[in-house]
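Participant: One structure follows; several queries about it will come next.
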Amino acid sequence: MKLSVILPARNEEELIEKTLKDIYQYLKKKKYTFEILVVVNGSIDKTEEKVRSVTRVYPQIKVLKSKPGYGFASRKGMAEAKGDYVAIYNVDFYDFRLVDFTEKDMNGNDIIIGSKLAPRSKDNRPAKRKLISFLFNLYLKLFYGFKGTDTHGIKIIRKQVIKSVLPLCKTNSGIFDSEFVLKAQRKGFNITDIPITVEEKRPSRFVGRLLQTPGDIYNLYKALK
């Protein structure tokens with residue numbers, strides 16, 4: 001299989017059907033095999049029910065389940081993905097340019113990140129969120145030598161990178177993205193980013209994530225020391 005698309009999904013009943021149909025219709029035009037893995041993690045709404053109804057029409061879409069949390073969902077999807085390339089999208093944001101890079105063997109890169117902070121990106125989120133993203137990326141540069149502009153963006157990854165890096169990862173929360181990218185950098189994989197335009201399609205979950213940040217930063221420190 002050439003491509004796996006992972007979609008962590010928690011309480012996304014309003015968007016999940018449209019997102020799945022958009023991604024499926026785009027990939028169906030391609031000449032390669034693909035799968036879309038929806039990892040339902042801790043939903044208390046009708047997300048899982050809606051995904052399962054879509055799978056009856058589109059067999060390339062599959063439902064996985066994990067413990068609540070973005071990190072748990074991402075790890076589950078990565079472990080189950082069968083594609084030579086693995087894209088990690090958000091239910092409320094995806095950019096088809098990332099999967100198109102598979103047709104060019106990712107231009108020789110091992111990870112390509114859709115970055116909110118790359119030059120020419122258009123980040124239309126509130127100013128407070130943009131500032132925190134900037135400060136967090138600066139923190140990663142100063143303390144861990146991160147060479148890119150974003151670890152938490154949507155991304156496309158070679159399967160061989162996942163096989164090498166995933167067993168080394170220890171975190172399970174939203175900080176998992178940073179741990180994975182930083183450990184991939186330490187192992188010498190080629191990482192680059194592309195500019196994206198960010199538009200929010202649903203109410204922000206920023207406050208909940210912000211409350212987790214101190215613990216996430218500590219857990220990242222323990223995982224990387």
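Participant: Any idea which residue in region 99-116 is least open to solvent (accessible area, probe 1.4 Å), counting only those that are free of Cβ contacts under 8 Å to residues at least 60 places away in the same chain and among the hydrophobic types (A, V, I, L, M, F, W, C)?
Facilitator: Among those that are free of Cβ contacts under 8 Å to residues at least 60 places away in the same chain and among the hydrophobic types (A, V, I, L, M, F, W, C), it is 106.
Participant: Of all residues in region 55-72 being open to solvent by 80 Å² or more (accessible area, probe 1.4 Å) and touching a residue at least 12 places away in the same chain (Cβ under 8 Å), which is farthest from residue 169 (Cα to Cα)?
Facilitator: Looking at residues that are open to solvent by 80 Å² or more (accessible area, probe 1.4 Å) and touching a residue at least 12 places away in the same chain (Cβ under 8 Å), I get 65.
Participant: Got at least one residue in region 120-133 being under 13 Å from the mean Cα position of the chain (by Cα) and part of a strand (DSSP E or B)?
Facilitator: No, region 120-133 contains no residue that is under 13 Å from the mean Cα position of the chain (by Cα) and part of a strand (DSSP E or B).
Participant: Checking residue 201 against (1) crowded, with 19+ Cβ neighbours inside 10 Å; (2) in contact with a Leu (Cβ under 7 Å, 6 or more places away or on another chain); (3) among the basic types (Lys, Arg), which single condition isn't satisfied?
Facilitator: With respect to (1) crowded, with 19+ Cβ neighbours inside 10 Å; (2) in contact with a Leu (Cβ under 7 Å, 6 or more places away or on another chain); (3) among the basic types (Lys, Arg), residue 201 is out only on (1).
Participant: Pairs needed: first member in region 1-29, under 15 Å from residue 88 (Cα atoms); second member anywhere, of a type in the set (S, T, N, Q) and open to solvent by 10 Å² or more (accessible area, probe 1.4 Å); C-beta distance under 7 Å; at least 6 residues apart or different chains.
Facilitator: Once the first residue is under 15 Å from residue 88 (Cα atoms) and sits in region 1-29, its partners that are of a type in the set (S, T, N, Q) and open to solvent by 10 Å² or more (accessible area, probe 1.4 Å) give 2/33; 9/43; 10/43; 24/60.
Participant: For residues that are in contact with a helix residue (DSSP H, G or I) (Cβ under 7 Å, 6 or more places away or on another chain) and surrounded by fewer than 19 Cβ atoms within 10 Å (Cβ to Cβ), scanning just region 145-168, find the one that is farthest from residue 67 (Cα to Cα).
Facilitator: 147
Participant: Output the residue which, of all residues in region 190-209 that are in a helix (DSSP H, G or I) and under 18 Å from the mean Cα position of the chain (by Cα), is modelled with the lowest pLDDT. Before you say what the answer is, go through the steps one by one.
Facilitator: Residues of region 190-209 in a helix (DSSP H, G or I): 206-209.
Okay, now just the ones that are also under 18 Å from the mean Cα position of the chain (by Cα), so 206, 209.
Numbers: 206: 56, 209: 62.
For region 190-209, the residue satisfying everything is 206.
Participant: For residue 215, are the conditions met, namely being within 18 Å of residue 72 (Cβ to Cβ), modelled with pLDDT under 95 and assigned to a helix (DSSP H, G or I)?
Facilitator: Values: within 18 Å of residue 72 (Cβ to Cβ): yes; modelled with pLDDT under 95: yes; assigned to a helix (DSSP H, G or I): yes.
Criteria met by residue 215.
Residue by residue, here is whether (1) at pLDDT below 95; (2) in a helix (DSSP H, G or I); (3) aliphatic (A, V, I, L, M); (4) surrounded by fewer than 19 Cβ atoms within 10 Å (Cβ to Cβ) holds:
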| site | (1), (2), (3), (4) |
| --- | --- |
| 6 | no, no, yes, no |
| 13 | no, no, no, yes |
| 17 | no, yes, no, yes |
| 22 | no, yes, no, yes |
| 26 | no, yes, no, yes |
| 31 | yes, no, no, yes |
| 37 | no, no, yes, no |
| 44 | no, no, yes, yes |
| 51 | no, yes, yes, no |
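Participant: I'm checking my understanding of the structure. Among residues of region 142-189 that are part of a loop (DSSP other than H, G, I, E, B) and of a type in the set (S, T, N, Q), which one is nearest to the chain's Cα centre (by Cα)?
Facilitator: This residue is 151.
Participant: Another one. Since residue 91 meets every condition but one in (1) open to solvent by less than 30 Å² (accessible area, probe 1.4 Å); (2) out of contact with any Leu (no Cβ under 7 Å at 6 or more places or on another chain), which condition does it not meet?
Facilitator: Going through (1) open to solvent by less than 30 Å² (accessible area, probe 1.4 Å); (2) out of contact with any Leu (no Cβ under 7 Å at 6 or more places or on another chain) one by one, residue 91 breaks only (2).
The values are calculated or read from the model by the stated rules, or taken from the named source; none is laboratory data. No experiment lies behind these values; they were computed from the predicted model shown. As a convention, Cβ positions derive from the backbone with ideal geometry for all residues, glycine included, and neighbour counts pool all protein chains shown. Surface accessibility is based on the protein's heavy atoms, side chains included, excluding ligands, DNA and RNA. Shrake-Rupley method; radii C 1.70, N 1.55, O 1.52, S 1.80 Å.
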